[in-house]
1. Of all residues in the stretch 72-87 being surrounded by fewer than 21 Cβ atoms within 10 Å (Cβ to Cβ) and in contact (Cβ under 8 Å) with a residue 40 or more places away in the chain, which is nearest to LEU171 (Cα to Cα)?
2. Taking interchain pairs and intrachain pairs at least six residues apart, which have beta carbon atoms under 8 angstrom, with the first residue in the stretch 202-221 and closer than 26 Å to GLU186 by Cα and near the ligand (Cβ under 7 Å from one of its atoms) and the second part of a helix (DSSP H, G or I) and of a type in the set (Lys, Arg)?
3. Filter the stretch 224-239 down to residues that are surrounded by fewer than 17 Cβ atoms within 10 Å (Cβ to Cβ) and either over 22 Å from the mean Cα position of the chain (by Cα) or among the small types (Gly, Ala, Ser) (or both), then give me how many there are.
4. Give the residue that is surrounded by the fewest Cβ atoms within 10 Å (Cβ to Cβ), with candidates limited to residues of the stretch 124-150 that are more than 16 Å from the ligand (Cβ to nearest atom) and part of a strand (DSSP E or B).
5. Identify all residues within the stretch 156-190 that are over 20 Å from ALA19 (Cα atoms) and in contact with a Gly (Cβ under 9 Å, 6 or more places away or on another chain); write none if there are none.
6. Tell me the residue from ILE11, ILE50, ILE25 that is of a type outside the set (Gly, Ala, Ser), away from the ligand (no atom under 16 Å from the Cβ), surrounded by 15 or more Cβ atoms within 10 Å (Cβ to Cβ) and not in a strand (DSSP E or B), please.
7. Are there any pairs, at least 6 apart or on different chains, whose C-beta atoms fall under 8 Å, with the first in the stretch 267-281 and farther than 14 Å from ALA193 by Cβ and the second among the charged types (D, E, K, R) and not in a loop (DSSP other than H, G, I, E, B), and if so, which?
Amino acid sequence: MNVETMRMEGIPVAVSRIALGTWAIGGWMWGGADDSASVATIQSALDHGINLIDTAPVYGFGHSEEVVGKALAGRRHQAVIATKVALEWGEGGVRRNATPARIRLEIEDSLRRLRTDYIDLYQVHWPDTLVPFEDTAAELEKLRIEGKILAVGVSNFSPRQMDAFSVATRLAAVQPPYNLFERAIEADVLPYAREQGLAVLAYGALCRGLLSGRMRAATTFDGDDLRNADPKFRQPRFAQYLAAVEALSAFARERHGKSVLALAIRWILDQGPTVALWGARRPDQLSGIGDAFGWKLSAQDMEDIDALLERHVTDPVGPEFMAPSLR
Ligand code: NAP
């Protein structure tokens with residue numbers, strides 16, 4: 001398989017344009033996880049040539065990072081690890097905290113859990129407006145100079161916030177929500193990233209599984225699975241999104257002989273300096289990786305897809321329900 005790759009500021013190797021997302025592997029908010037399947041999934045991603053692995057301390061409150069560390073034991077050199085910083089958890093739930101002191105604490109915990117002495121890409125998980133962006137950035141710059149991290153990224157930041165942040169360090173990447181159904185960044189973050197030479201790690205590439213083609217009106221989710229609270233998975237909107245997926249499936253099959261999942265990933269890759277963050281928790285979920293590479297959507301395809309989405313999703317809603325609170 002010919003994996004498409006790109007360069008990222010500060011990272012010495014080319015990174016795959018599909019990254020494995022490991023939120024579900026942490027279990028929390030995804031109805032639990034099976035660790036041996038998770039380890040096999042991470043190793044299968046590497047076997048497919050996917051070297052970028054995205055995780056975060058908050059995913060399972062350390063568990064996702066631990067499982068990533070376990071899976072990469074002996075294979076660390078094959079992986080580009082992207083993790084995050086600046087969310088704390090406790091009795092009050094999950095809150096943003098990007099103080100320099102919090103960062104110092106978290107970096108050591110992440111290095112230990114990931115069984116490594118450096119992190120390739122260290123990303124501020126959510127903007128913390130109670131701390132000057134410059135102070136957070138300056139602390140990350142210190143970590144970079146110390147060799148604990150190779151590159152700095154941010155997630156869920158606006159261009160204005162990235163400008164303030166960039167005063168004290170060089171940004172390599174931004175990680176916003178981006179998929180066929182969630183396109184707010186086209187108005188600001190995407191053009192900004194193109195202009196500034198940032199990589200865009202598009203999260204929720206499959207819109208939490210909606211774009212996998214597996215969902216049916218009768219599909220239900222276990223336990224604390226966040227899709228129980230996701231407004232896209234509630235009727236009457238769920239029916240609109242399912243109808244759009246059906247139309248996209250027919251389009252992908254008839255026009256390109258591909259699955260809707262491959263189309264969803266390809267669509268992200270054809271938008272610019274993007275990496276598609278694909279969340280998976282079983283190796284079989286990654287078997288279609290090769291179908292996303294080696295072809296392109298034309299300008300006409302893009303127009304037809306937009307028209308199709310407009311026709312079916314008459315009451316769109318964004319991913320805002322996922323935002324954690326400030327302190
Ligand atoms: P996603 O990639 O849109 O969807 C993941 C879900 O899709 C999986 O858990 C799985 O659900 C389903 N799926 C995957 N492959 C499939 C296949 N081949 N067939 C059928 N179903 C399939 O969602 P995501 O995990 O939310 O986002 C991806 C990654 O982005 C995360 O893991 C995380 O690394 C990152 N992220 C970052 C932020 C942030 O604030 N920075 C926020 C969200 C996500 P089931 O197994 O349940 O079917």
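1. Here the answer is ARG76.
2. That search, which allows pairs on different chains as well, returns CYS207/LYS232; ARG208/ARG227; ARG208/LYS232; GLY209/ARG227.
3. So the count comes out to 5.
4. Here the answer is LEU150.
5. Matches in the stretch 156-190: ARG170, ALA184.
6. ILE11 is the lone residue from the list that is of a type outside the set (Gly, Ala, Ser), away from the ligand (no atom under 16 Å from the Cβ), surrounded by 15 or more Cβ atoms within 10 Å (Cβ to Cβ) and not in a strand (DSSP E or B).
7. Every condition considered, the pairs that remain are LEU277/ASP54.
Every number in this text was worked out from the coordinates using simple rules, so none of it is lab data. Since this is a predicted model, take the numbers as computed values, not measurements. Every residue, glycine among them, receives a Cβ derived from its backbone with ideal geometry; neighbour counts consider all protein chains shown.
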